[in-house]
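Report on the following structure.
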Amino acid sequence: SGESGAGKTESTKLLLQHIMNLCKGNSQLEQQILQVNPLLEAFGNAQTVMNDNSSRFGKYIQLRFQKNTVRGAKLSEYLLEKSRVVQQDTGERNFHIFYYMFAGLSLEEKEMYGLLDPSLYRYISGRFGTQDVAQRWKHKYQEVCNALDMVGFQEQEQVDMQAILAGVLSLGNVTFEPEESNGSVKVSEASRGWLKAAAVDVLRQLVCCVPCSPWSPSVSCCSLCADARDSIAKVAYGRVFGWIVCKINELLAENVDSEVELREIGILDIFGFENFAVNRFEQLCINLANEQLQHFFNHHIFQLEQAAYKEEELPWETITFNNNQAILNLLLAKPLGLMSLLDEQSAFPQATDKTFVDKLNSSFKGNLHFQPGRSHVLGFSIIHYAGKVQYTAGGFLEKNRDTLPANVRGLFINSITPLLSVLFTGKSLCYGRASYMNQGPPRQELGVGMRLHSLMVLMERMYSANPHFVRCIKPNNQKEPGVVDSQMVLLQLRYNGLLETIRIRRDGFSWRPSFEEFAER
């Protein structure tokens, strides 16, 4: 755990290498476990203000052992930040894979996928970078292609996947205008070329998939169509990512008899705590996961350890620590926690982000960890274990619903691009987190707030395991090597509870032999 940019993903990679080395790391499986990483980073990581290679999803890696040899591995992914596909703030970029494609594809391939100059695409932000950067991206693209081959993606699957990604970018440039004769909405003349360039058939068929009532103002109808367009882009990208994780799991699955008992080491690498100039729904989900992890750490280091001393009747002066249970109650309590209220509001078609914020203000009046928004921007603040974060509430309900118009789903299912059809019917697809894809007819997907619950369930499972905590400390905010900002480091040591941890380790009993060991010695 640690802030965004503190080094969690790099530490995870080092830890995996170390474990593979201890296993003598020669088998093909052990090498494959290490080699899938470029693929995950290309599709799941992006540049943010805080970190040039920020994980925009959480991952849990389970390594399964038999007699100190790795026999299999499984990857679970949590809460990919799909909104990044359609919007990035100043100084941020889209997922790496889009830039790698522009740098790595040949002119012929770009022509085949209908890709033009990257600066033309609304979904691609930021300068494209220097020649050096383009060269590095080109090298990364090659790494991704090698990893795709190694994981076992067929050539046609790789072509289809890149066609979907290129189609998503072209789709972002499609705009809408009112039809003067009958008040309906059509694709604007200026963007018809982009619709054509969305090389995947289903993306071409998007003219207007939002049922507009006759009395809806055409301006709001255009805006609804634009929202639907963005929903399609996000869902298509999310499904591609889930499919990649699924293929990786097929490759790494253990090949042993079911009665053979395997031991397991799990590594949880989640997105770090974030506090930007503008914090949205995604930051709330990320920070909630970090709150839960901090509580798990407190429970193990302080509550369990001190309970053991008490039970053994050892002389012990209780160490107090910052217990963040009250913040978790504010966020997760049922039926009146923030996430429950968000799901309740998301279920009402008439509800808006404003009615949601009004509900929060009335429900949490007087709560020490909640502050109503004070500026003209609709929002609220939460006092997290790592400090106060101001959230902008715009888009909360829409992002939590995470829905796709039903008729668009039908277009995907009947697509002539085989991969798209597979991604949306769930045939032969064990999608990362989502067994919901194989349960009969397509239905409303779970709200994001509820899907966050799957991460909580994982953490509860970890309470019964034997956990080790790797606390990553960020040395400075400038992304500079070799620079330590001591005030910033001290702040992290404080809010992480590490100063109290040092005290309990120093004052406590570090060596705990069993009675047998003690008698033997």
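A few notes on this one:
- For the criterion of being crowded, with 20+ Cβ neighbours inside 10 Å, of a type in the set (Ser, Thr, Tyr) and at pLDDT 95 or above, residue 99 passes.
- Looking only at the range 269-280, and only at residues there that are under 15 Å from the mean Cα position of the chain (by Cα) and open to solvent by 10 Å² or more (accessible area, probe 1.4 Å), the one that is nearest to residue 53 (Cα to Cα): 273
- Take the conditions (1) part of a loop (DSSP other than H, G, I, E, B); (2) at pLDDT below 90; residue 348 misses just one of them, which is (2).
- Qualifying positions in the range 373-392 - open to solvent by 40 Å² or more (accessible area, probe 1.4 Å) and within 16 Å of residue 331 (Cβ to Cβ): 383, 385, 388, 390
- Residue in the range 125-138 that is under 20 Å from residue 235 (Cα atoms) and in a helix (DSSP H, G or I) present: no
- In summary, residue 500 fulfils each of the numbered conditions (1) surrounded by fewer than 17 Cβ atoms within 10 Å (Cβ to Cβ); (2) at pLDDT 85 or above; (3) over 23 Å from the mean Cα position of the chain (by Cα) with the single exception of condition (1).
This table checks each residue for (1) without any contact (Cβ under 8 Å) to a residue 12 or more places away in the chain; (2) of a type in the set (Asp, Glu).
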position: 227; (1), (2): no, yes
position: 245; (1), (2): no, no
position: 250; (1), (2): no, yes
position: 293; (1), (2): no, no
position: 304; (1), (2): yes, no
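- Once the range 13-54 is narrowed to residues that are polar (S, T, N, Q) and open to solvent by less than 10 Å² (accessible area, probe 1.4 Å), the residue that is nearest to residue 168 (Cα to Cα) is 45.
- Residue in the range 282-303 that is out of contact with any helix residue (DSSP H, G or I) (no Cβ under 9 Å at 6 or more places or on another chain) and open to solvent by 50 Å² or more (accessible area, probe 1.4 Å) present: yes
- Boolean, residue 112 is in a helix (DSSP H, G or I) and surrounded by 17 or more Cβ atoms within 10 Å (Cβ to Cβ): no
- Matching residues, the range 359-372, being out of contact with any strand residue (DSSP E or B) (no Cβ under 8 Å at 6 or more places or on another chain) and surrounded by 17 or more Cβ atoms within 10 Å (Cβ to Cβ): 359
The values are calculated or read from the model by the stated rules, or taken from the named source; none is laboratory data. Since the structure is predicted, the reported quantities are computational estimates derived from the model, not experimental observations. Positions of Cβ are generated from backbone atoms using ideal geometry, with glycine treated the same way; all protein chains shown enter the neighbour counts. Just so you know, the surface numbers come from the protein's heavy atoms only, side chains and all, with ligands and any DNA or RNA stripped out. Shrake-Rupley method; radii C 1.70, N 1.55, O 1.52, S 1.80 Å.
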